[in-house]
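Q: I'd like to ask you about the structure that follows.
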Amino acid sequence: MRDLASDRAALEQLRVQRERLADRMRAPWWYLTGAAILFAVAFASPFSSRYLPPGVPTWPVLVAALALAVLLHWALTRSTGISIGIPDLTYRPGRPARIGMLIVSAAALLTERFLIDRGLLAAAAVVALLAVVAGVVSVRAAIRGIRQHLRQGSP
Amino acid sequence: MNAKPDPLIHPIVRLSICGLLAAGADWVEFAALRDAAGIGDSLLSKHSRILEDAGYVEVRKGAVGRRPRTWFRLTPAGRRAIEGHLAWLAQLEETFAAGARDALLGEPIPDDPGIRALS
């Protein structure tokens, strides 16, 4: 059986091991690129709903975006070796970043629609571009939150 | 939380496995767990089997192409055990630190029934 000093060392070692585990949870470039594509599709929707001729189906784009989202999540789990499930709004690590992104997304989509209705296409495109950048930043922040959570541990 | 030592997860390798699985991930893959714990394949296999037999760890086996993939996660019983054990270790650390301070001032280190249970 270990003595008191060894128990303290074991606790310290566990902290180091959790640091190592947490360091695996990083977003690779392809993950951020995929996320940027998904955000670009989402923030291009006010343009497509306005300028696509009637009868052109948009569901293939939605299905492809959903498939890309699932593929990215699966690939990140595979590459890190850490599965965190589906990080919805009930999952606490990184939640502020996800909630912030939802608010920014809603605001960006409304602003784009407002600008497109007034013919300010360039301004709407700039808003869409800024929203994509904000989306990628929020993904990075959410992963940083998960990493912090892994480092500190649940108990 | 009930802070109490668990003899099954007191050995350092099992403490590492359970402590890492309790860090907040849903499932952790074999290689990730091995690398984070800094132990070998055989040691991880051996101790994870003991933890699985005790009902502390759930194992999911799969394959990607020809490569086998093994994933681990804590069961609710395993989570309760590691949380209690870590809380007990943290208490021990505090007691030890306080005892060290008291020893400097001439006071004895307090007796802990959990320490006696493991000795």
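Each value in this text was obtained by applying a stated rule to the coordinates, not by laboratory testing. Fair warning: this is a prediction, and the values are worked out from it, not measured in the lab. Here the Cβ is made from the backbone with ideal geometry for all residues, glycine too, and neighbour counts use every protein chain on show.
Q: Where in chain A is the longest stretch that carries no trypsin sites (Lys or Arg not before Pro) classed as loop by DSSP and with at most 16 other Cβ atoms within 10 Å? Don't skip to the answer; put the middle values down first.
A: On the way: sites that count: A:Arg2, A:Arg26, A:Arg118.
Looking at chain A, A:27-117 is the longest stretch - no exposed trypsin sites (Lys or Arg not before Pro) with at most 16 other Cβ atoms within 10 Å.
Q: Could you tell me which of A:Thr111, B:Ala90, A:Pro53 has its Cα farthest along the dipole of the protein assembly as shown towards the positive end, charges placed at Cβ (Lys, Arg +1; Asp, Glu -1), taken about the Cα centre?
A: Result: A:Pro53.
Q: Taking every alpha carbon pair in the protein assembly as shown, what does the distance histogram look like in 10 angstrom bins from 0, in percent?
A: Cα pair-distance distribution for the protein assembly as shown, in percent: 6, 23, 25, 18, 13, 9, 4, 1, 0.
Q: With a cut-off of at most 12 other beta carbons within 10 Å, and DSSP calling the residue loop, which chymotrypsin sites (Phe, Trp or Tyr not before Pro) in the range A:1-96 qualify? Please list them.
A: Here no chymotrypsin sites (Phe, Trp or Tyr not before Pro) fit, given the DSSP loop and packing criteria.
Q: Residue by residue through the range A:34-50, what is 3J(HN,Hα) from phi via Karplus (6.51 cos²θ - 1.76 cosθ + 1.60, θ = phi - 60°)? Round to whole Hz and write x for glycine and proline.
A: x, 5, 5, 5, 5, 5, 4, 4, 5, 7, 8, 4, x, 5, 5, 5, 8
Q: Give me the three principal axis extents of the range B:23-72 from the C-alpha atoms, as integers in angstrom, largest value leading.
A: Extents along the principal axes: 31, 23, 22 Å.
Q: Further question: If amide hydrogens are placed 1.01 Å from N in the peptide plane, which non-local residues have theirs closer than 5 Å to the one on B:Val57?
A: Correct list: B:Glu52, B:Thr75.
Q: Same structure, new question: Starting from the Cα of B:Ala97, step 7 Å along the direction of its Cβ; do the same at A:Val133; then give the gap between the two resulting points in nm.
A: 4.3
Q: What per residue convex hull volume, in Å³, do the alpha-carbon atoms of the range A:1-138 yield?
A: 133
Q: Give me, ordered by chain and number, the residues 5 or more places off B:Arg69 or on other chains with an amide H under 5 Å from its own placed amide H.
A: B:Gly62, B:Ala63, B:Val64
Q: Can you tell me the equivalent ellipsoid semi-axes for the range A:97-155? Use √(5λ) from the Cα gyration tensor, largest first, whole Å. Don't jump to the answer; show the numbers that get you there.
A: Working: eigenvalues 221, 20, 3 Å².
So the three semi-axes of the range A:97-155 are 33, 10, 4 Å.
Q: What residues have an amide H closer than 5 Å to that of B:Gly24, excluding those fewer than 5 places away on the same chain, when H is modeled at 1.01 Å from N in the peptide plane?
A: A:Ser154
Q: Which three semi-axes in whole Å describe the equivalent ellipsoid of the range B:42-99, each the square root of 5 times a Cα gyration tensor eigenvalue, listed largest first? List each step's numbers first, then the result.
A: On the way: eigenvalues 210, 30, 18 Å².
So the three semi-axes of the range B:42-99 are 32, 12, 10 Å.
Q: Now for a separate question. Could you state, as a whole-number percent, how many of the C-alpha pairs of the range B:1-91 are farther apart than 15 Å? Numbers along the way, then the final one.
A: Numbers: 2294 of 4095 pairs.
Tail fraction, whole percent: 56.
Q: Taking all pairs of distinct Cα atoms, average 1/r, flip it, and tell me the Kirkwood hydrodynamic radius of the range A:1-62 in Å to one decimal place.
A: Averaging 1/r across every pair of different Cα atoms and inverting gives 16.4 Å.
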